[in-house]
Amino acid sequence: LLFQQCEMIHLSTLFQFAFIIGFFHLSFFTLFLAFIALTDLQNLGARRVCLMTDKNLSQLPPVNAVLNSLAKYGINFQMYDNVRVEPTDHSFLDAIKFAKKGEFDAYVAVGGGSVIDTCKAANLYASSPTADFLDYVNAPIGKGKPVTVPLKPLIAVPTTAGTGSETTGVAIFDFKELKVKTGIASRAIKPTLGIIDPLHTLSMPERIVANSGFDVLCHALESYTALPYNMRSPCPSNPINRPAYQGSNPISDVWALHALRIVAKYLKRAIRNPEDREARASMHLASAFAGIGFGNAGVHLCHGMSYPISGLVKNYKPKDYNVDHSLVPHGLSVVLTSPAVFAFTAQIHPERHLEAAEILGADIRTARIKDAGFVLADTLRKFLFDLNVDDGLAAIGYSKADIPALVKGTLPQERVTKLSPRPQTEEDLSALFEASMKLY
Ligand SMILES: NC(=O)c1ccc[n+]([C@@H]2O[C@H](COP(=O)([O-])OP(=O)(O)OC[C@H]3O[C@@H](n4cnc5c(N)ncnc54)[C@H](O)[C@@H]3O)[C@@H](O)[C@H]2O)c1
Ligand SMILES: [Fe+2]
């Protein structure tokens, strides 16, 4: 039946992610994990290692720990610290140039999603030197060609608690020409190993914890409510064309729900108190859990609509981000539309929407199933209000006049928008952006 309808779940991808997890009670753990990573590099026979990070992180403890260990164990490496926070095609190309020139045989990415994604792209194109940049970029913006070349090992050391990029086969960038985000999606670019060491998240300032945490929240909510895997179409004629995002399924549901419960319990604590190690460690794990869930099931409208919200940024300079350009942090661009999106999608799986609202703290004892979307939307609004989140798209510089451009930027995001449980027209998208202008 599953074969007839559409597709099987690609089970192996769910277990393809190897990782090492650190715990706070071992005070020497950061060094210990760095040691394991270096032993891994030695085992891989790496002779020329590329260490990637961004300028801000290059001055902070996570990168220092790795640098000290690389020096101590005499590993030959070159550092690239020019990763752009919220990368663009230009910044990807700069990193790719560095990777091609360096002829590296292994990569270590120390940072948030911006660093890990840039490193995935650098590894891919350095391993496929004749490929044109658009060859592997998602269609319809790029050609979406399957990756058939072998890549070099990549060890990902996440320092935010957000993207779960250490677990996924996705690399996102802002395509300057179209002023919209898009990406590369292939199992082939998944990191070989993820090192989940919560000590690395202690230096994150409040708003970075909040915004990256909202990404975890939306990964969990969107993958749990995504179109089920057996309703996706068209069925690929060859498994090599099977998309990375396969629709919600019983296995990704486990990861999504577990991550959502952790977000409900720990996100506020992790934001408000940098000393709350239990909360920071739990969120770091939730990020990886949600990553395994959405990396297989996919995300839908909050993410699809977030790409033009980031790409069309005007002058917004978020607090706590040590960068010299305007940007809408990814997690913020995703979460601002979440109340409107889930009020819209709840028609299809109302019981899942209600369940999510309950996990996030709503009292649903007297809630009617037909109100599921409003219940979840209200719960999210309260959650965001409590955390001092900007009051909708208007607060980050958008107005009604921008809605046509925001809709236009969402239309090419079919890879994710098609995973919305409820199909949407251009008018629906306009209404969702309009409803997200103000939240409270
Ligand atoms: N590949 C995927 O599966 C995936 C999923 C979601 C998002 N993304 C992408 O990831 C990017 C966002 O990544 P992100 O939210 O992890 O943030 P980020 O990598 O953009 O970093 C944000 C800021 O936090 C700083 N920072 C990171 N760790 C820190 C630490 N421990 N201490 C102090 N400062 C720290 C960075 O220097 C930077 O200034 C976006 O481009 C987004 O589109 C990718
Ligand atoms: Fe995300």
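The values are calculated or read from the model by the stated rules, or taken from the named source; none is laboratory data. If you're wondering where the values come from, they're calculated on a predicted model, not measured in any experiment. Cβ placement follows ideal geometry from the backbone for every residue including glycine, while neighbour counts extend to all protein chains displayed.
Residues that are β-branched (Val, Ile, Thr) and surrounded by 23 or more Cβ atoms within 10 Å (Cβ to Cβ) are absent from the stretch 350-373 altogether.
Within this structure, TYR307 passes the test of being aromatic (Phe, Trp, Tyr), within 13 Å of ligand 1 (Cβ to nearest atom) and within 19 Å of ILE208 (Cα to Cα). Only residues that are in contact (Cβ under 8 Å) with a residue 12 or more places away in the chain and farther than 23 Å from LEU411 by Cα were counted in the stretch 132-147, giving 1. The number of residues in the stretch 97-123 being more than 17 Å from VAL49 (Cβ to Cβ), outside any loop (DSSP other than H, G, I, E, B) and in contact (Cβ under 8 Å) with a residue 24 or more places away in the chain comes to 4.
Restricting ALA210, ALA259, ALA279 to residues that are within 16 Å of ligand 2 (Cβ to nearest atom), in contact with a Phe, Trp or Tyr (Cβ under 9 Å, 6 or more places away or on another chain) and outside the structural domain of VAL170 (by TED's automatic domain parsing) narrows the list to ALA259. Screening ALA244 with (1) in the same structural domain as HIS90 (by TED's automatic domain parsing); (2) within 15 Å of ligand 2 (Cβ to nearest atom); (3) not charged (D, E, K, R) gives one miss only, at (1).
Scanning the stretch 96-119 for residues that are within 13 Å of ligand 1 (Cβ to nearest atom) and either closer than 16 Å to ASN82 by Cβ or over 18 Å from the mean Cα position of the chain (by Cα) (or both) yields ALA109, VAL110, GLY111, GLY112, SER114, VAL115, ILE116, ASP117, THR118, CYS119.
Considering the conditions (1) over 16 Å from VAL170 (Cβ atoms); (2) outside the structural domain of LEU44 (by TED's automatic domain parsing); (3) away from ligand 2 (no atom under 16 Å from the Cβ), ILE195 is excluded by exactly one of them, (2). In the stretch 336-355 there is at least one residue matching the filter, namely being within 16 Å of ligand 2 (Cβ to nearest atom) and more than 20 Å from PRO421 (Cβ to Cβ).
Considering ASN315, ASN296, the condition of being at pLDDT below 95 and under 25 Å from LYS418 (Cβ atoms) is satisfied by ASN296 alone. The set of residues in the stretch 227-267 that are crowded, with 20+ Cβ neighbours inside 10 Å and in contact with a His (Cβ under 8 Å, 6 or more places away or on another chain) comprises LEU227, GLN246, ALA256, ALA259. Among the residues of the stretch 137-174, those identified as among the small types (Gly, Ala, Ser), buried (at least 24 other Cβ atoms within 10 Å of the Cβ) and not in a helix (DSSP H, G or I) are ALA156, ALA161, GLY162, GLY164, ALA171. Within the stretch 298-335, being more than 13 Å from ligand 2 (Cβ to nearest atom) and not in a loop (DSSP other than H, G, I, E, B) holds for PRO308, GLY311. Considering SER114, SER128, the condition of being hydroxyl-bearing (Ser, Thr, Tyr), more than 16 Å from ligand 2 (Cβ to nearest atom) and touching an Asp or Glu at 6+ places or on another chain (Cβ under 9 Å) is satisfied by SER128 alone.
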